Protein chains: 2
Amino acid sequence: MQNQIPDLNEIIATVKRIAPFIHRTPVLCNQTIDRISGAKIFFKCENFQKMGAFKMRGASNAVAQITDAQKSKGVTTHSSGNFAQALALAARNFGIKAFIVMPENAPDTKRQAVLDYGAQVITCASTQKAREEKVEEVIAKTGAIFIHPYNDYRVIAGQATAAKELLEDVNDLDFILAPVGGGGLISGTALATTYLSPKTKVIAAEPSNADDAYRSIKAGEILPSINPDTIADGLRTSLGDKTFPIIQKFVHQIICVEEQEIIYAMKLIWERMKIIVEPSGVVPLAVVLKNHELFSGKKIGIILSGGNLDLTKLPF
Amino acid sequence: MQNQIPDLNEIIATVKRIAPFIHRTPVLCNQTIDRISGAKIFFKCENFQKMGAFKMRGASNAVAQITDAQKSKGVTTHSSGNFAQALALAARNFGIKAFIVMPENAPDTKRQAVLDYGAQVITCASTQKAREEKVEEVIAKTGAIFIHPYNDYRVIAGQATAAKELLEDVNDLDFILAPVGGGGLISGTALATTYLSPKTKVIAAEPSNADDAYRSIKAGEILPSINPDTIADGLRTSLGDKTFPIIQKFVHQIICVEEQEIIYAMKLIWERMKIIVEPSGVVPLAVVLKNHELFSGKKIGIILSGGNLDLTKLPF
């Protein structure tokens with residue numbers, strides 16, 4: 001296992017390693033959203049990624065690096081949804097078994113997708129503790145290798161490749177924004193940006209109803225997410241001991257938004273861009289729309305992290 | 001006014017005429033939908049067109065060709081929604097007034113968009129007769145020039161440019177499918193395909209609940225749509241005396257689908273492609289999914305006609 005913060009060479013190696021398993025996703029713009037925000041926004045469309053989210057990058061990079069002996073036992077993780085699907089599909093791509101622990105409040109669409117990718121789903125209560133205990137059970141029973149959904153340098157290096165592509169496609173961004181849940185995407189985004197475009201400020205976008213990252217950075221220590229109740233279901237997780245220091249060092253600011261602001265941003269993207277982005281993915285746009293004084297007139301990259309959600313339970 | 005069926009030169013001239021006002025839209029594919037359908041499908045994404053539908057092509061071509069004297073009076077039309085928006089935006093692009101007659105059951109989102117483009121909206125009952133009478137009133141009052149939403153060779157030439165682009169991007173299609181309402185898009189599609197790829201069969205896709213085109217072709221005369229009640233709100237209109245003969249001569253077959261089949265196709269596109277397509281736009285995919293024996297193993301182009309709908313009134 002990779003045991004240090006990924007450097008530029010490691011991210012470049014990751015790009016090559018995962019290329020057969022992921023899409024290079026498009027970057028889209030929208031005139032109306034630019035007019036409303038007063039900024040020039042470049043949307044990196046990870047909702048069009050394989051299995052519908054950036055998580056495929058990190059999962060593929062982790063599975064690609066486990067040993068053949070480990071592969072024979074299969075892999076396991078806990079996830080509210082997107083990493084579950086990503087690990088299931090990555091495992092299928094390598095012809096190995098996957099045992100996925102999912103909280104009982106995960107969207108049905110995501111649970112079904114995991115099953116469709118041929119993985120075994122094990123349901124648990126929706127707390128961090130319940131997830132971790134259930135994974136321990138699975139490991140004891142199957143010998144499967146645990147792949148953490150974000151607190152793993154291989155996963156972080158994989159997630160970094162989305163920002164790397166965006167920075168190759170668009171020069172001179174003033175800001176790059178990504179949502180923060182457990183911190184895998186924002187850590188990877190911050191590392192790639194620091195290495196490739198050091199003048200670009202990295203902003204983490206977080207729901208106020210799951211503001212553990214905001215509180216943790218303020219406190220200087222990891223504070224867990226307590227009963228997070230946000231529509232952005234991918235962002236209910238807490239930071240890990242690998243993502244927290246990266247965020248401390250390389251992320252310029254964490255900005256929070258309310259539920260209604262997330263829903264407004266989601267409707268705006270759906271109506272104007274005609275693309276489907278899940279609530280977690282629109283949180284950065286909500287941050288930009290809320291903070292005109294900071295973002296007006298700026299050139300901004302936003303990572304639309306995913307597009308998986310239950311279409312029968314929309315907030316509008 | 002152009003008074004004959006557009007030939008290839010006219011369509012080429014149209015491409016040049018409307019280029020400043022439209023997007024060249026992307027062509028997307030989806031592995032899962034290919035697997036389910038057994039075909040290889042190329043989706044021409046007119047949902048990403050300016051104002052969200054192919055109608056912008058025909059409206060721009062018509063407005064570009066009216067005289068300066070006519071421009072001073074403005075333009076008018078009747079439309080359930082997308083042509084209304086298209087004419088409103090085309091009029092704004094040319095700095096002229098637009099008076100748009102909309103049936104009372106048009107989606108709110110479409111009505112609001114027309115207002116946002118600066119046009120005046122006049123509401124009428126949702127019958128063909130009521131629409132036509134109201135437009136006559138508007139013309140009498142304002143002197144505005146009537147632009148028919150589909151029964152106009154300039155509009156048909158504009159709509160033909162979508163298929164022309166698709167045929168340039170993808171060679172050797174076995175079939176090309178477009179929805180049929182009033183017949184503007186399918187007429188343009190059939191003309192472009194006949195000129196540019198004569199071996200490709202043109203199929204019109206129609207809701208069974210608004211099957212006037214199917215019945216008209218069978219009867220050999222235009223039979224109007226009687227109280228059409230379909231979720232595909234853009235396809236409730238009846239054929240015109242310009243579109244009917246083109247369809248008779250150049251469209252290979254009209255195939256109908258049921259409401260539940262339309263909804264299934266819509267959900268499949270939303271979930272798998274992460275793009276928003278309105279019910280009218282997915283009718284061709286519903287046709288492909290329903291007719292495996294005809295389409296299995298074939299290379300198929302589908303025009304996803306638009307992406308405008310009321311997100312608060314989804315069928316799933």
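Things worth noting here:
- Extension gain, residue B:311 to residue B:294: 0.36 nm times the residue separation minus the Cα-Cα distance gives 2.8 nm.
- Cleavage-rule hits, trypsin sites (Lys or Arg not before Pro), region B:2-75, DSSP coil, Cβ neighbours within 10 Å at most 15: B:24
- Where GluC sites (Glu not before Pro) fall in DSSP loop in region B:178-269, at most 12 other Cβ within 10 Å: B:221
- Using bins of 10 Å that start at zero, the share of Cα-Cα pairs per bin across region B:1-113 amounts to 13, 35, 31, 16, 4, 0, in whole %.
- Rounded to the nearest 20, the size of the Cβ-charge dipole of chain B about its Cα centre is 700 debye, with Lys and Arg at +1 and Asp and Glu at -1.
- About the Cα centre, charge dipole magnitude for region B:163-316 (Lys/Arg +1, Asp/Glu -1 at Cβ), debye: 300 debye
- Normalising by residue count, the protein assembly as shown has a Cα convex hull of 149 Å³ per residue.
- The trypsin sites (Lys or Arg not before Pro) of region A:188-266 that DSSP puts in a loop, and whose beta carbon has at most 12 other beta carbons within 10 Å, are A:199.
- Scaling the Cα radius of gyration of region B:79-221 by the globular reference 2.2 N^0.38 Å produces a ratio of 1.16.
- Cα-Cα separations in region A:56-146 greater than 24 Å, expressed as whole percent: 11 percent
- Axis angle, to the nearest 10 degrees, between helix B:128-142 and the longest C-alpha principal axis of chain B: 30 degrees.
- Two-decimal Rg to Rh for chain B - Kirkwood Rh, Cα set: 0.94
- Cross-link table B:44/B:267; A:16/A:110; A:267/A:298; A:274/A:298, entries beyond 26 Å C-alpha to C-alpha: A:16/A:110
- Cα-based reach from residue A:299 at 20 Å (exclusive), listing aspartates and glutamates while leaving out same-chain residues under 8 positions away: A:34, A:46, A:165, A:168, A:169, A:172, A:174
- Check: the protein assembly as shown dipole with +1 on Lys, Arg Cβ and -1 on Asp, Glu Cβ, in debye: 1120 debye
- Helix-only arithmetic for chain B: the sum of -39500 (n - 2.57) across DSSP H runs with n ≥ 4, divided by the residue total, places the mean residue ellipticity at 222 nm at -14000 deg cm²/dmol.
- Spacing of the two label points (7 Å from each Cα toward its C-beta) at residue A:122 and residue A:199, in nm: 5.1 nm
- Across peptide A:46-52, the mean count of Cβ atoms from other chains lying within 10 Å of each residue's own Cβ comes to 2.
- Only Cα sites of region B:1-59 enter the Debye sum here, all with the same form factor; the resulting log10 I(q)/I(0) across q = 0.18, 0.19, 0.24, 0.30 1/Å is -0.77, -0.81, -0.97, -1.17, listed in q order.
- Leading residue at positive end of dipole, chain A (Cβ point charges), from A:119, A:95, A:260: A:95
- Principal-axis tilt of helix B:279-290 within chain B, Cα atoms, nearest 10 degrees: 20 degrees
Read the figures in this text as sums done on the coordinates, not as results from a lab. All values reported here derive from a predicted model rather than from experimental measurement. We place every Cβ from the backbone using ideal geometry, glycine too, and count neighbours over all the protein chains shown.
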